[in-house]
Every structure is written in structure tokens, then in C-alpha cells.
Amino acid sequence: MNAIYEAIRVALQGMAASGSLPQAFTYQFVINALLCTFLIGPLLGALGTMIVVKRMAFFSQAVGNAALTGVAIGILLGESYTSPYVSMFSFCILFGIALKYTQYRTNLSNDSLIGVFLSISLAFGASLLLYVSAKINTHVMESVLFGSILAVDYTDMNILLVVTLISAVVVLPLYNQMLLSSLNPSLAHARGARVRLLEYIFVILVTIVTVACLKIIGAVLVEALLLIPAAAARNLSRTLGGFVAGSMIIATLSCILGVLLPMQLGLPVPTGGAIVLVAALVFVVTTIMRTTMSRFRATGV
Amino acid sequence: MPGPAIVFDKVTLELGGTRILDNVSFRIEPGALHCIVGANGGGKTSLIRSLLGQMPHAGQIRLEGEQHGPVGYVPQVLDFDRNVPMTVRDVMALLTQRKPAFLGASRTHRAGVEAALRRMGALEKEQRPFGGLSGGERQRVLFAQALEPLPSLLVLDEPCANIDEPGARIVEEVVLELNAKGVTVVWINHDWDQVRRLAHSVTGINRKVIFHGVPSEVLTWAEPKAMVS
């Protein structure tokens with residue numbers, strides 16, 4: 001894949017040099033960031049519609065906090081502190097499964113249990129990181145929470161690509177059953193769905209997507225990109241197709257504009273913040289449209 | 001070919017320390033129209049959910065027959081976030097096809113879905129947001145989804161609870177049509193007159209089996225007291 005990334009980089013830099021593209025494209029980190037946005041946008045946009053329907057809004061935030069513990073464990077086990085992917089993936093998947101298992105054993109609602117796990121994971125992760133902080137740069141915690149899209153390398157991009165492909169292969173054939181399982185488990189059962197297995201698969205999927213995106217955009221931004229585009233698309237959509245497509249388009253456009261606008265306009269805004277602000281602006285506009293235009297009000301109940 | 005026979009064999013279910021079903025045993029014959037009656041909280045829906053494989057229970061529930069086709073199920077209500085942007089067509093796609101519903105309706109199921117919606121008098125609602133339908137309209141759509149593909153076993157959990165008189169008549173007609181084709185029907189029903197008119201067999205449940213048999217023989221006017229006592 002690295003050769004393909006290189007070819008794209010050379011082509012875009014050539015176009016920038018000839019004046020066909022803005023000067024920002026002469027920088028490799030901008031091109032890497034934009035390549036990531038073309039994966040992250042559609043991925044988080046599509047997954048976000050399921051998150052909204054399943055009312056798991058804060059799950060990715062809880063996983064992001066759990067990643068802090070994963071990073072700390074990775075450092076203790078001797079993994080690189082810049083990319084402790086093995087520990088992060090392993091710990092976060094166990095964390096997600098434990099959360100779902102606890103929910104089935106206690107019958108607590110999704111939001112209550114996620115809230116409990118979110119608090120525990122943040123406290124535990126931050127404490128453990130502080131314990132190992134003598135060995136590392138203390139900015140690791142900041143990096144996990146807020147990411148650094150302008151510092152991604154080809155390893156990060158390859159992991160993101162693999163996770164995107166896994167997500168597509170898993171979600172597309174199971175999409176209907178996964179959605180139906182959260183709407184009405186009895187009906188899903190009658191239609192042959194294995195409801196609990198599907199819930200576990202979904203939780204693992206959101207977990208690996210969140211972890212793959214952590215270093216690039218951070219836990220806070222993953223959560224924002226899972227929720228805001230889906231919420232904005234829901235404001236204007238009448239159909240499921242419009243909802244999913246709208247969410248993917250809004251998420252991708254927010255990422256692209258969030259990367260490019262601060263550079264083009266010389267704004268002193270961090271890339272992550274700019275991405276969220278663009279998405280938030282779209283949400284505000286769609287909310288105004290929904291509340292003022294009868295055509296969109298009719299989409300609600 | 002008739003639908004399956006269903007055997008409930010010493011089915012016991014406990015939830016949170018409360019016994020919901022206690023040693024429930026009875027048999028539904030292949031191709032029968034069987035009604036389950038009983039007081040609220042008597043365990044009827046739990047029994048149905050156990051039949052659908054959704055409740056962990058003691059004892060056995062067996063489907064007997066040469067071949068088991070699809071199971072059609074109509075829940076009492078479809079409780080979900082009504083602001084999720086889904087049209088009736090989306091809901092039908094979600095329930096009847098493998099292709100992701102957000103990519104549109106599958107050609108394979110298109111004719112069957114339209115026929116089912118038309119039969120339930122809901123075809124003209126196909127483009128409407130599902131969340132914006134009235135309770136009765138939603139129930140018609142829920143009933144339509146159970147007709148595609150043609151089931152060999154139809155499980156109904158008070159499908160007429162929110163439905164208007166014309167809708168209830170359509171439900172009754174469709175149930176009789178399917179049953180005439182050999183589909184086994186299990187119907188939780190509170191309308192005893194309807195049970196007397198339509199059912200081949202009936203079971204009264206209040207945690208235990210209170211009575212079981214042919215409606216004309218077991219549905220006496222003294223039974224309602226026994227159901228709640």
C-alpha cells in the first residue's frame with residue numbers, strides 16, 4: 001500500500017506545484033491527513049447512524065478512555081509508546097465485551113452502564129498512565145484524547161484501511177439484522193438473527209474502529225464524528241438511505257474542510273477542533289432547516 | 001404441506017426470582033389455528049418469546065414436522081425511536097431482505113413485499129415515514145412483514161390491540177387464508193368471541209395451563225374467574 005500512497009502523494013504534489021491545487025498539497029502531512037479523511041469520514045458517518053439508533057452515543061468515548069489504560073499496559077509491556085496498537089486493541093476489545101456482558105447480566109440500560117464504564121476507564125487509565133509517566137512523554141494522554149491527524153504515518157493509514165475493510169465486510173451482510181436487533185429483539189429472533197452475537201460483533205466493531213482512529217483524530221473527535229454527522233443527517237432525512245448517505249457525506253466533508261480551511265484561511269485553529277466545528281456548523285444549519293421548513297419538519301413525528 | 005406441530009414440554013421460566021411459567025405442557029397440532037388466552041401478566045408473551053428462542057427456559061419447546069419454513073411474527077407493538085428516518089419501505093426491506101436496507105429494496109422481494117402491504121391495505125403508505133404512522137397503521141405494516149416470505153408458522157402477539165375495525169377484519173381474513181394453506185397459527189388473543197369462532201384449539205394460561213382443548217368445550221363463561229384467580 002505504501003507505494004500507492006507514494007504515487008498519490010507525488011501526483012498531488014505535482015498538481016500543487018503546477019498551481020492546479022492549493023499550496024497546502026505540497027506538504028506530505030496534509031496529503032496523508034486527507035487520505036485518512038476519505039476513510040474516516042465514510043466509516044464513522046455510516047457507523048454513526050447505527051450508534052444513534054442503538055443509543056450508544058458515549059460508547060466510543062468510553063473506549064477512548066479505555067485506550068489510555070491500553071497505552072499504559074503497552075508501555076509496561078515494552079511496546080512503542082507512539083503506537084501501542086496491540087495493547088490498545090486487546091484491552092479495548094476486552095473492555096467492550098465486558099461492558100456488553102455486564103449489561104446482559106444486570107439489565108442496566110445502555111446509557112447508564114456506558115456512563116459507569118466511561119468513568120471507571122478514565123480514572124483507571126489516567127492513574128495508570130501517571131504511574132508509568134516517568135517512562136514516557138506525558139503528552140501521550142493528550143494524543144489519545146485529541147489525536148494528531150497531521151502526524152499520521154503509513155502504519156496508521158494501513159491499520160485504518162484494514163479496519164475499514166473489515167468493517168465493510170462485517171457490516172454490509174449483517175446491517176439489517178444488527179439494526180433490527182436493536183429495534184425489536186423478538187422480531188429479529190423470529191427472522192433468524194442471533195441477537196446477542198450481533199450485539200457483541202457490533203461492540204467489537206465500534207471498538208476496533210475507535211482504536212484505529214485514536215491516534216489520527218483522538219477519542220473526543222471519534223465520538224464527535226460518530227454522532228454529529230448522523231444527528232445532522234437525521235434532521236433532513238426521510239429515508240434510511242438518505243440518513244446513511246447524508247451522514248457519510250457530512251462526516252467526510254467535515255474532515256476535508258477541517259483539514260484544509262485553517263491552512264487556506266490562516267486560522268489559528270487545531271485541525272481536530274476545525275473538523276468538529278465544521279460538523280457542528282452543519283448540524284446547526286440542518287437543525288434550523290428542520291425547525292423552520294415544513295418539508296423537513298414532516299420527516300419527524 | 002401443513003406447518004409444524006408445536007410441543008411445549010414442562011416449560012418453566014423464572015425472571016428475577018419470579019416464576020413466570022410453571023411446568024407448562026401442551027401440544028399444538030400441525031396446521032392448527034391455536035389461540036392462547038389468559039390474564040395480563042399470566043405469561044402468554046413470555047411463552048411466545050420462549051417459542052421464538054428469546055427466553056432462556058427450562059423444559060423443551062419442539063417444532064415437529066417434515067419441513068420447517070420461515071416463522072412469521074407480529075409483536076404487540078414495535079417500540080423504537082420514532083424519529084429514526086425510515087419509511088415503510090425501509091422497514092419492510094430491513095425485515096425481509098439480506099441486502100442492506102439503506103441501499104434500497106431488493107428486486108427479489110419487491111413483488112412479495114408489495115403484495116403483503118396491499119393485502120393489509122398499507123401499500124399507499126409505503127413512502128411514508130414509519131414513525132409518523134398511527135398505532136393501527138404501524139400494526140398493519142408489522143402484520144404485512146410477517147407475510148413475506150410465506151411462513152409455515154405464524155406467531156401473533158395480540159396483533160389487533162391497536163388496530164381499527166376494518167384492520168382487524170383484514171387480520172382475521174388473512175389469518176384464515178394462511179391457515180387454510182396449512183400455516184400453523186399461534187395467536188395470543190383476548191377476544192373470546194373471536195377465539196370461539198376461529199380457533200381449532202385454545203390454551204388458557206396463568207403461569208400454568210388452566211385449560212386446553214377445543215374452544216366450544218373449554219371456553220365456558222366460568223373460565224374467566226379461573227384465569228385470574
Can you pull out the helices (runs of 4 or more DSSP H) entirely within the stretch A:153-240 that have at least 2 residues that are farther than 30 Å from B:Gln54 by Cα and in contact with a helix residue (DSSP H, G or I) (Cβ under 8 Å, 6 or more places away or on another chain)? A:154-183, A:195-236
I'm trying to understand the selection: among the residues of the stretch A:243-281, which are within 14 Å of chain B (Cβ to nearest Cβ) and over 16 Å from A:Gly41 (Cα atoms)? none
Which pairs have Cβ atoms under 9 Å, sit 6 or more apart or on different chains, and link a residue in the stretch A:179-192 that is more than 7 Å from chain B (Cβ to nearest Cβ) and of a type in the set (Gly, Ala, Ser) to one that is surrounded by 23 or more Cβ atoms within 10 Å (Cβ to Cβ) and not in a helix (DSSP H, G or I)? A:Gly192/B:Val71
Mind checking which pairs have a first residue in the stretch B:177-188 that is not assigned by TED's automatic domain parsing to the domain that holds B:Glu64 and a second that is in a helix (DSSP H, G or I), Cβ under 8 Å, 6 or more apart or different chains? none
Scanning the stretch B:94-110 for residues that are within 11 Å of chain A (Cβ to nearest Cβ) and among the hydroxyl-bearing types (Ser, Thr, Tyr) gives B:Thr96, B:Ser106
Filter the stretch A:34-59 for residues that are away from chain B (no Cβ under 14 Å) and farther than 16 Å from A:Thr164 by Cα and give the result. A:Phe58, A:Phe59
Output the number of residues of the stretch B:110-138 satisfying the condition of being more than 21 Å from A:Leu183 (Cα to Cα) and in contact with a Gly (Cβ under 6 Å, 6 or more places away or on another chain). 0
Any residue that is more than 11 Å from chain A (Cβ to nearest Cβ), within 18 Å of A:Ala190 (Cβ to Cβ), among the charged types (D, E, K, R) and in contact (Cβ under 8 Å) with a residue 12 or more places away in the chain - is there at least one of those in the stretch B:152-159? yes
Of all the residues that make up the stretch B:145-164, how many are among the charged types (D, E, K, R) and modelled with pLDDT of 95 or more? 0
Looking across the stretch B:41-52 at residues that are under 14 Å from the mean Cα position of the chain (by Cα) and not charged (D, E, K, R), the single one that is nearest to A:Arg191 (Cα to Cα) is B:Leu52
Please go through the stretch A:202-217 and give me each residue that is out of contact with any Leu (no Cβ under 8 Å at 6 or more places or on another chain) and surrounded by 24 or more Cβ atoms within 10 Å (Cβ to Cβ), ordered by number. A:Phe202, A:Thr207, A:Thr210, A:Val211, A:Leu214, A:Lys215
Does at least one position in the stretch B:59-79 carry a residue that is part of a loop (DSSP other than H, G, I, E, B), surrounded by 15 or more Cβ atoms within 10 Å (Cβ to Cβ), over 14 Å from the mean Cα position of the chain (by Cα) and at pLDDT 90 or above? no
Return the residue satisfying two criteria in turn: it lies in the stretch A:229-242 and is hydrophobic (A, V, I, L, M, F, W, C) and either surrounded by 24 or more Cβ atoms within 10 Å (Cβ to Cβ) or within 10 Å of chain B (Cβ to nearest Cβ) (or both), and of such residues it is farthest from A:Thr49 (Cα to Cα). A:Leu236
Could you list, ordered by first residue, the pairs with Cβ atoms under 6 Å in which the first is in the stretch A:242-260 and over 14 Å from A:Cys36 (Cα atoms) and the second is among the hydroxyl-bearing types (Ser, Thr, Tyr), at least 6 apart or interchain? A:Phe243/A:Thr49; A:Phe243/A:Ser237; A:Val244/A:Thr49; A:Gly246/A:Ser237; A:Ser247/A:Thr49
Which is closer than 15 Å to B:Ala146 by Cα, facing chain A (nearest Cβ under 9 Å) and surrounded by 18 or more Cβ atoms within 10 Å (Cβ to Cβ), of B:Val91, B:Val84, B:Val113? B:Val91
Suppose we filter the stretch A:83-100 for residues that are without any contact (Cβ under 8 Å) to a residue 60 or more places away in the chain and more than 18 Å from A:Ala57 (Cα to Cα); how many remain? 6
Could you tell me whether the stretch B:33-52 includes any residue that is more than 20 Å from B:Pro159 (Cα to Cα), within 12 Å of chain A (Cβ to nearest Cβ) and in contact with a helix residue (DSSP H, G or I) (Cβ under 6 Å, 6 or more places away or on another chain)? no
Please report, ordered by residue number, the helices (runs of 4 or more DSSP H) entirely within the stretch B:121-229 with at least 3 residues that are surrounded by 14 or more Cβ atoms within 10 Å (Cβ to Cβ). B:135-145, B:165-180, B:192-198, B:223-228
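The values are calculated or read from the model by the stated rules, or taken from the named source; none is laboratory data. Everything numeric here is computed off the predicted structure, so don't read it as measured data. Heads up, the Cβs are rebuilt from the backbone with ideal geometry, glycines too, and the neighbour counts pull from every protein chain shown.
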